[in-house]
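Heads up, the thing below is written out as structure tokens.
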Amino acid sequence: MQLFGLLGFPLGHSFSKTYFTEKFKAEKIDAEFVNFESDNIEQTLQVIKTTPSLKGFAVTIPYKEKIIPYLDYISEDVRKIGAVNSVKVEHTISGSILTGYNTDILGFKESLLEFIQTPPTQALLLGTGGASKAVQHALASLGIEVFTVSRTPHFSEISYDQVARFLSNTPLIINATPVGMWPHVTNCPDIPYHLLSSNHYLFDLIYNPEITEFMHRGEQQGARIKNGLQMLYLQADYSWKLWNT
């Protein structure tokens, strides 16, 4: 039996195991998907490297950036953005080879283009972590100018206090932070929701809960909303192809 998995901590919010388990059952694939829920990345990677049936695993919070030094190879996209969400495992006589990829870029881009057929020229991106880096890369490839919002802004980033002055000319707002993720479902990014309108699009990378507080508050102001579930499925399919080539 082939083995696949998800590395992260914590993993109570993730639907990946359910998605792949249902995929394996529906397509009659002799495989299992397991959660590598661990707060010790070195220890867990040792287990991964010594599990001969493991062919690949997804990577989520908080390891999208932290895993890079432990990999043998990384893709060009990873080299550019500094974040990994998918690792292919190859077992050889001399040991295991881990190669890191980022399928979040393609997953987000495809999902966004279904949400907004004609992308805007500007976007506000909340958060600066690994998921944010993939989103920023995807937006740049579409020619969208990105204003990255951070609690501790550096260089060209802006603070949450500055968001209000961008909203009239920036219709797309993406939440790439974990704020509002289950079980903290009443939390939301600190932006001036009362300034939103029907001209705005709110895309939340979170998919658990289905409608986050960020999305709910935007919808109350007439904004169009979308969560990250389709993005999860799309990037998972891209990962599946990588793991099996």
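The values are calculated or read from the model by the stated rules, or taken from the named source; none is laboratory data. This is a predicted model, so every value here is computed, not measured. Virtual Cβ from ideal backbone geometry, glycine too; neighbours counted across all protein chains shown. All accessible areas refer to the heavy atoms of the entire protein, side chains included, with ligands and DNA or RNA removed. Shrake-Rupley method; radii C 1.70, N 1.55, O 1.52, S 1.80 Å.
Testing the spin-label approximation: label points 7 Å from Cα along Cα→Cβ at Thr50 and Glu114. State their distance in nm.
Distance between the two pseudo-spin positions: 4.2 nm.
Given the -39500 (n - 2.57) contribution per DSSP H run of 4+ residues, what per-residue ellipticity at 222 nm results for the chain, rounded to the nearest 500 deg cm²/dmol?
About -9000 deg cm²/dmol.
Of all accessible surface on region 104-231 at a 1.4 Å probe, what whole percent is carbon and sulfur?
Ligands and nucleic acids excluded, carbon and sulfur reach 50 percent.
Taking the solvent-accessible surface of protein heavy atoms with a 1.4 Å probe, what is the per residue accessible area of the chain in Å²?
Dividing the accessible area of the chain by its residue count gives 49 Å².
Can you send over the solvent-accessible area of Val89, 1.4 Å probe, protein chains only, in Å² to the nearest 10?
For Val89, the solvent-accessible surface is approximately 10 Å².
For the full complex of protein chains and a 1.4 angstrom probe, list Asp39, Asp161 by accessible area with the highest value first.
The residues order as Asp161, Asp39, largest area first.
What is the spin-label model distance, in nm, from Ile97 to Lys28 if the labels are put 7 Å beyond Cα along the C-beta direction?
3.3
Among the aspartates and glutamates, which have Cα under 20 Å from the Cα of Lys49 when same-chain residues fewer than 8 positions away are ignored?
Result set, ordered by chain and number: Glu32, Glu37, Asp39, Glu65, Asp72, Glu90.
Given charges of +1 on the Cβ of Lys and Arg and -1 on the Cβ of Asp and Glu, with all other atoms neutral, how large is the dipole of region 47-153 about its Cα centre, in debye to the nearest 20?
Rounded to the nearest 20 debye, it is 300 debye.
If r is the Cβ-Cβ distance from Arg165 to Asp39 and R0 is 35 Å, what FRET efficiency results, to the nearest 0.05?
The pair Arg165/Asp39 has a calculated efficiency of 0.35.
Ordering Thr186, Thr92 by how much accessible area each has at a 1.4 Å probe, largest first, what is the list?
Ranking Thr186, Thr92 by accessible area, largest first, yields Thr186, Thr92.
Nothing charged except the Cβ atoms of Lys and Arg (+1) and of Asp and Glu (-1): what's the magnitude of the dipole of the chain about its Cα centre? Round to the nearest 20 debye.
For the chain, the charge dipole is close to 180 debye.
Over the chain, what relative contact order in percent results from Cα pairs under 8 Å that are six or more residues apart?
16
Between His154 and Tyr73, how high is the FRET efficiency from 1/(1 + (r/R0)^6) when r is the Cβ-Cβ distance and R₀ = 35 Å? Nearest 0.05.
According to the calculation, E is roughly 0.75.
Take the solvent-accessible surface of the protein heavy atoms, probe 1.4 Å, and return the percent of it on region 2-101 that carbon and sulfur atoms account for.
51
Rounded to the nearest Å, what's the spacing between the alpha carbon centres of region 221-237 and region 7-84? Just the number, please.
Cα centroid to Cα centroid, the span is 21 Å.
Looking only at region 2-101, where both bridge partners belong to it, what percent of the DSSP beta bridges are antiparallel (to the nearest 5)?
In region 2-101, DSSP labels about 40 percent of beta bridges as antiparallel.
Just how much of His194 is accessible, in Å², when a 1.4 Å probe is used and the result is rounded to the nearest 10?
130
Report, ordered by chain and residue number, the lysines lying within cross-link reach of Lys109, taken as a straight Cα distance under 16 Å and ignoring same-chain residues fewer than 8 apart.
Within reach: Lys133, Lys226.
How big is the accessible area of Ser53 in square angstrom, nearest 10, if you roll a 1.4 angstrom probe over the protein chains?
50
What is region 104-231 by shape, rounded, prolate or oblate, if you read a ≥ b ≥ c off the alpha carbon gyration tensor as root eigenvalues and call it rounded for a/c under 1.5, prolate for a/b larger than b/c, and oblate otherwise?
Note, shape of region 104-231 comes out rounded.
Any lysines with Cα under 22 Å of the Lys28 Cα? List them, leaving off those in the same chain fewer than 8 positions away.
Lys17, Lys55, Lys88, Lys241
Determine the shape class of region 148-220: with a ≥ b ≥ c the square roots of the Cα gyration tensor eigenvalues, call it rounded for a/c under 1.5, and otherwise prolate if a/b is greater than b/c, oblate otherwise.
oblate
Classify the chain as rounded, prolate or oblate, taking a ≥ b ≥ c as the square roots of the eigenvalues of its Cα gyration tensor: rounded when a/c is under 1.5, otherwise prolate if a/b is larger than b/c and oblate if not.
Prolate, since a/c reaches 1.5 and a/b exceeds b/c.
Just to make sure I understand: if all protein chains stay in place, what is the order of Met215, Met1 by accessible area at 1.4 Å, largest first?
From most accessible down to least: Met1, Met215.
Would you kindly state how much longer the chain becomes between Met1 and Thr21 on full extension, computed as 0.36 nm times their sequence separation minus their alpha carbon distance, in nm to one decimal?
Residue separation times 0.36 nm, minus the Cα-Cα distance, leaves 5.9 nm.
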